[in-house]
Amino acid sequence: MNIANMKRVVSGIQPTGNLHLGNYLGAIRRWVKLQDEAECLIFLADLHAITDYIDPKELRANVNGMAAALIACGIDPEKAVLFNHARVPAHPEMAWILSCTARVGWLNRMTQFKEKSGKNREGASVGLYAYPVLQAADVLLYQATHVPVGEDQKQHVELMRDIAVKFNTDYEVDLFTLPEPHIGAQGARIMSLRDGNAKMSKSDPSDMSRINLSDDSDTIAQKIRKAKTDPEPLPETADALKDRPEALNLVTIYAALTDRTPDSVTQEYAGKGFGQFKPALADLLVETIAPIRAKLSDFEADPAALDAILVDGARKASELAAPTLEGAYRAVGLPR
Ligand code: TYM
């Protein structure tokens with residue numbers, strides 16, 4: 001990916017639960033790098049967080065908690081515009097306009113809705129179903145060129161492009177920029193520590209399935225010690241791990257943390273068992289996460305400062321969003 005072509009980068013995260021290693025390696029770590037290369041808007045998708053009932057007090061606390069966590073990970077509000085959805089009404093406004101362009105058949109194909117609604121499709125909220133349209137608004141409002149996300153969000157970014165093309169074509173305008181998904185070479189899909197075929201996720205009921213960025217060093221070491229693996233030693237190449245998903249996941253995490261390829265990791269550990277590999281991985285994780293955790297507690301102590309950062313970010317985001325929102329109203333023929 002040629003970073004020089006990145007003009008504007010937009011991405012978001014739901015403020016539900018803790019940040020975990022999948023969020024960090026799949027998305028946040030890359031946002032931190034990109035904020036020095038391109039104009040970045042990073043937001044807490046709090047309107048997304050209410051698609052499933054969440055205790056209002058918990059949500060309120062999570063918005064600030066997640067903002068603190070992003071700053072602790074290295075997002076600098078002086079470099080990136082950091083805000084929350086709910087403070088920028090242009091997002092739901094644009095989402096309504098785009099929901100009249102998006103087709104039901106397109107939303108029916110969204111795998112994340114199928115996964116999240118499961119067998120209870122009829123009982124899922126309309127918001128959960130329509131959410132990918134809000135996500136399209138989140139990005140199209142800012143003329144974003146790139147959307148850095150983990151692999152699981154790729155389909156949503158493709159949907160944004162389809163919506164943008166149809167809107168531009170239907171209304172004969174050149175309003176929306178087509179955003180590209182920006183998916184990292186390493187860490188785009190971190191799996192559960194208990195099941196190498198399920199993605200690491202905030203919603204997994206077992207806390208042992210994920211490494212949270214708030215976990216202390218002993219907890220991290222214990223989770224890695226107990227991570228599911230197999231008795232075989234590591235092979236020469238990562239390819240040979242394709243039928244050993246849990247082993248492959250640990251190698252992938254190691255590679256992502258050290259910015260190496262999985263093959264170079266297997267070469268180093270070839271012939272060695274997990275008794276040797278796991279402590280090395282745990283040390284690496286502790287080295288990465290301990291400084292984030294330390295910063296996290298500093299920021300959490302000052303909710304007023306966090307609010308001020310988010311209010312300021314929302315003001316900047318609203319200014320950047322206004323021309324495209326106006327353009328969309330004009331294109332569909334609605335006077336304002
Ligand atoms: P969310 O909150 O589920 O996840 C935030 C980011 O973390 C990535 N991620 C992972 N990457 C690798 N391995 C994993 N196990 C893993 N789990 C999560 C996600 O891919 C994502 O990049 N709908 C989005 C939030 C959103 C958004 C947007 C993103 C709202 N509007 C506009 C981009 C652009 C979501 O629920 O992400």
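The values are calculated or read from the model by the stated rules, or taken from the named source; none is laboratory data. Quick caveat: nothing in here was measured; it's all calculated off a predicted structure. Note that we place each Cβ from the backbone using ideal geometry, even for glycine, and neighbour counts take in every protein chain shown.
Worth a mention:
- Selection status of LEU47, in contact (Cβ under 8 Å) with a residue 40 or more places away in the chain, among the aliphatic types (A, V, I, L, M) and touching a Leu at 6+ places or on another chain (Cβ under 9 Å): yes
- Matching residues in region 252-287 - criterion: being of a type in the set (D, E, K, R), farther than 17 Å from ILE220 by Cβ and touching a helix residue (DSSP H, G or I) at 6+ places or on another chain (Cβ under 7 Å): ASP263
- Total residues in region 297-336, condition closer than 20 Å to VAL88 by Cβ and crowded, with 18+ Cβ neighbours inside 10 Å: 11
- Test: ASP302 is closer than 20 Å to ALA67 by Cα, in contact with a helix residue (DSSP H, G or I) (Cβ under 9 Å, 6 or more places away or on another chain) and free of Cβ contacts under 8 Å to residues at least 24 places away in the same chain: yes
Results for (1) within 14 Å of the ligand (Cβ to nearest atom); (2) part of a helix (DSSP H, G or I), shown as yes or no for each residue.
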{"position": "VAL157", "(1), (2)": "yes, yes"}
{"position": "ARG161", "(1), (2)": "yes, yes"}
{"position": "ASP174", "(1), (2)": "no, no"}
{"position": "PRO181", "(1), (2)": "yes, no"}
{"position": "GLN186", "(1), (2)": "yes, no"}
{"position": "ARG189", "(1), (2)": "yes, no"}
{"position": "ASP195", "(1), (2)": "yes, no"}
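- From the options ALA137, ALA69, residue that is within 20 Å of the chain's Cα centre (by Cα), more than 25 Å from THR324 (Cβ to Cβ) and surrounded by 13 or more Cβ atoms within 10 Å (Cβ to Cβ): ALA69
- From the list GLN153, GLN143, GLN135, the one residue that fits, being in the same structural domain as LEU44 (by TED's automatic domain parsing) and in a loop (DSSP other than H, G, I, E, B), is GLN143.
- Residue in region 105-121 that is modelled with pLDDT under 95 and either touching a strand residue (DSSP E or B) at 6+ places or on another chain (Cβ under 8 Å) or hydroxyl-bearing (Ser, Thr, Tyr) (or both) present: yes
- The residues listed here are LYS278, LYS242, LYS272; of these, the one that is surrounded by 17 or more Cβ atoms within 10 Å (Cβ to Cβ) and in the same structural domain as ARG225 (by TED's automatic domain parsing) is LYS278.
- Boolean, LEU193 is in the same structural domain as THR288 (by TED's automatic domain parsing) and either in contact (Cβ under 8 Å) with a residue 24 or more places away in the chain or surrounded by fewer than 16 Cβ atoms within 10 Å (Cβ to Cβ) (or both): no
- Per the conditions (1) under 17 Å from the mean Cα position of the chain (by Cα); (2) surrounded by fewer than 16 Cβ atoms within 10 Å (Cβ to Cβ), the sole criterion not satisfied by VAL173 is (1).
- Selection status of THR229, of a type in the set (S, T, N, Q), more than 16 Å from the ligand (Cβ to nearest atom) and either on the phi < 0 side of the Ramachandran plot or touching a Phe, Trp or Tyr at 6+ places or on another chain (Cβ under 8 Å) (or both): yes
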